[in-house]
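Asks: Take this structure, written in structure tokens, and hold onto it; I'll ask about it next.
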Amino acid sequence: MNVKFELILTARAFLALIVGGFMGWDRRHIRPAAGVRTYAAVSLGACVFGSLSLQMSEPSEKARIAAQVVSGIGFLGAGVIFREQGKIAGLTTAATLWAAAAVGLSIAFELYLLGLVTALLLFGLLEIHHLRGWAFSQNENPQQDERDANPLVVKPPEKRNDLNVQ
């Protein structure tokens, strides 16, 4: 490989890092477990794996690496989904991490416009809850997500009145 080509791949990786961090900007407040660094790392990693896949000589190897990025990020996303007291949390984080990997792969495959527009759409999707009148379902409440995301916060026990004791 020549130095010029490696500089181009490095520039792609840097772009994926910046765009991924941009997508994680909103999540740092709502789901601190996956914020700027997580989104930037997912996008960067997907971009580097995508760039590496382009260097494979066999077409099946190129597709295999990209497919493993998709399934690997799905596994990572599954780790941020949890259920507590009948509520499911982390679905938005998992879905947007998966989409951040798609942005990284887009940049690796020289589909810059697609990657940038996807990142902007995701950022808008994550920021839309700030608009006046935007309603949350019970599982999409950012304040509830924030309380559930921090396992170190001790929640007061719920008052039980099963025995009708006053």
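Asks: Taking into account only those residues within region 1-50 that are among the aromatic types (Phe, Trp, Tyr) and modelled with pLDDT of 85 or more, which is farthest from Leu126 (Cα to Cα)? Even if it seems obvious, please write down each step before you answer.
Replies: Our first condition is that a residue be among the aromatic types (Phe, Trp, Tyr); within region 1-50, this holds for 5, 14, 22, 25, 39, 49.
In the following step, the residues that additionally are modelled with pLDDT of 85 or more were identified as 5, 14, 39, 49.
On the way: Phe5: 35, Phe14: 23, Tyr39: 13, Phe49: 26 Å.
That would be Phe5.
Asks: Ala67 is checked against (1) farther than 26 Å from Trp25 by Cβ; (2) not in a helix (DSSP H, G or I) and fails just one. What number does that condition carry?
Replies: Unmet condition: (2).
Asks: Could you grab me the full set of residues in region 86-107 that are of a type in the set (Gly, Ala, Ser) and within 8 Å of the chain's Cα centre (by Cα)?
Replies: Residues satisfying the conditions are Ala94, Ala95, Ala99, Ala100, Ala101.
Asks: Looking for something under 15 Å from the mean Cα position of the chain (by Cα) and among the polar types (S, T, N, Q) - is there at least one such residue anywhere in region 59-67?
Replies: No, region 59-67 has no match at all.
Asks: Shifting gears a bit: Within region 51-107, restricting attention to residues that are over 22 Å from Ala13 (Cβ atoms) and either modelled with pLDDT of 90 or more or of a type in the set (Val, Ile, Thr) (or both), which residue is surrounded by the fewest Cβ atoms within 10 Å (Cβ to Cβ)?
Replies: Ile88
Asks: Does region 62-72 contain any residue that is touching a residue at least 40 places away in the same chain (Cβ under 8 Å) and over 15 Å from Gly115 (Cβ atoms)?
Replies: Within region 62-72, none of the residues are touching a residue at least 40 places away in the same chain (Cβ under 8 Å) and over 15 Å from Gly115 (Cβ atoms).
The values are calculated or read from the model by the stated rules, or taken from the named source; none is laboratory data. Since the model is a prediction, treat every value here as computed from it, not as a measurement. Quick reminder, even Gly has a Cβ in these numbers, built from the backbone with ideal geometry, and neighbours come from all protein chains shown.
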